[in-house]
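Undergrad: Here you go, one structure.
The values are calculated or read from the model by the stated rules, or taken from the named source; none is laboratory data. Treat the numbers as computed from the prediction; the structure is a model and nothing was measured. Using ideal geometry, Cβ is built from the backbone for each residue, glycine included, and neighbour counts are taken over all protein chains shown.
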Amino acid sequence: MNGQPIDLGMTGYDELFMTGKERQEIKLPKIYDIPLKDIDDFPDHPFQVRLDDDMQQLVESIKERGLITPIILRQKEDGRYEIVSGHRRKKACEIAGMDTIKAEIREMSRDEAIIMMVESNLQRSVILPSEKALAYKMRLEAIKRQQGERTDLTSAPVEQKLSSRERLAENSPDSHAQIQRFIRLTELIPELLEKVDEGRIAMRPAVELSYLRKEEQAGIAEAMEYYDTSPSHAQAIQMRAISKDGKLGPNAIDIIMSEEKPNQKAHISIRYEDAKKYIPSDIPIKKAGDYVIKALQYYHNHLEKAKEMEDWER
């Protein structure tokens, strides 16, 4: 199959002699067994494939029952295949020792593939801010290119046609405004973007910092490490204002970042990935912090009772 376009060999004449059931069956997606060695990852794929507990569970499931949901591929001009949806499933099949993978092959343009790739991955339970940032940016650029190629994006009058940014918010879990904030994060240097992923910089101050020059951002990253602190929203706004006047040098950054903030007198950072295995899967990410606090309270009470029992036995 490699190097040859997919051809179902079905003509309109053949369909005349089919039963209704047969006509329905030919409309179903055709699933093929494609060699893993013939499949390439999606170029600049923004979503990480993590070798975590979820991946291990997926590998065990594939070993026991096989791959339940086929991946979606796009055939390239050189005859090889490109993953549109299913990077985690492909990796799991590789770990499971499989040589082929069940796949549906679709004909689509590069921009259509980008839009589908982003939409399918936005359904993941855990997505880092950097992943959303890069994904939304890729999708917006693809939509803009499509609008440049097409003259009629909807059946509505010209004045009612959707803008590229309005289309970007369609089928997305985030609001239009939040999507724009995520896209701004792509202007951050890698060191600051990583700190956003780690939860050390909140979204609103991160957006403000994205307007700073790269050398200014680098200075802030260094100050964060030196003072073991994170910029507040007010501090980020202040640094952006000073930057506009061209006066945000190392000294100004140090003065602002060394300020003691009431909410950071005692600060503990816990990576969600590290705590995930101790948190039930039905607990939403937004409630994970509350769950951790309750767990600590429970553990504290347990230690207090143990200490009381020890004192009583004495």
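Undergrad: Out of everything in the range 191-233 that is part of a loop (DSSP other than H, G, I, E, B) and in contact (Cβ under 8 Å) with a residue 60 or more places away in the chain, what residue ends up being nearest to residue 259 (Cα to Cα)?
TA: Only one residue tops the list, namely 200.
Undergrad: Then there's this: With 67, 58 as the choices, which residue is surrounded by 14 or more Cβ atoms within 10 Å (Cβ to Cβ), in a helix (DSSP H, G or I) and aliphatic (A, V, I, L, M)?
TA: When all the criteria are applied, what remains is 58.
Let's see how each residue does on (1) within 20 Å of residue 49 (Cβ to Cβ); (2) surrounded by fewer than 21 Cβ atoms within 10 Å (Cβ to Cβ):
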residue	(1), (2)
73	yes, no
76	no, yes
80	yes, yes
83	yes, no
86	yes, no
92	yes, no
101	yes, no
108	no, yes
111	no, yes
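Undergrad: Condition first: over 17 Å from residue 131 (Cβ atoms) and basic (Lys, Arg). Can you find one or more residues in the range 205-223 that meet it?
TA: Scanning the range 205-223 turns up at least one residue that is over 17 Å from residue 131 (Cβ atoms) and basic (Lys, Arg).
Undergrad: Going residue by residue through the range 106-123, is there one that turns out to be over 30 Å from residue 179 (Cβ atoms) and over 16 Å from the mean Cα position of the chain (by Cα)?
TA: No: the range 106-123 contains no residue that is over 30 Å from residue 179 (Cβ atoms) and over 16 Å from the mean Cα position of the chain (by Cα).
Undergrad: Determine if the range 234-242 includes at least one residue that is charged (D, E, K, R), within 17 Å of residue 259 (Cα to Cα) and at pLDDT 95 or above.
TA: There is at least one residue in the range 234-242 that is charged (D, E, K, R), within 17 Å of residue 259 (Cα to Cα) and at pLDDT 95 or above.
Undergrad: Has the range 11-34 got at least one residue that is at pLDDT 60 or above and of a type in the set (D, E, K, R)?
TA: Checking the range 11-34: at least one residue is at pLDDT 60 or above and of a type in the set (D, E, K, R).
Undergrad: Kindly provide the set of residues from the range 32-77 that are in contact with an Asp or Glu (Cβ under 7 Å, 6 or more places away or on another chain) and aromatic (Phe, Trp, Tyr), ordered by number.
TA: 42, 47
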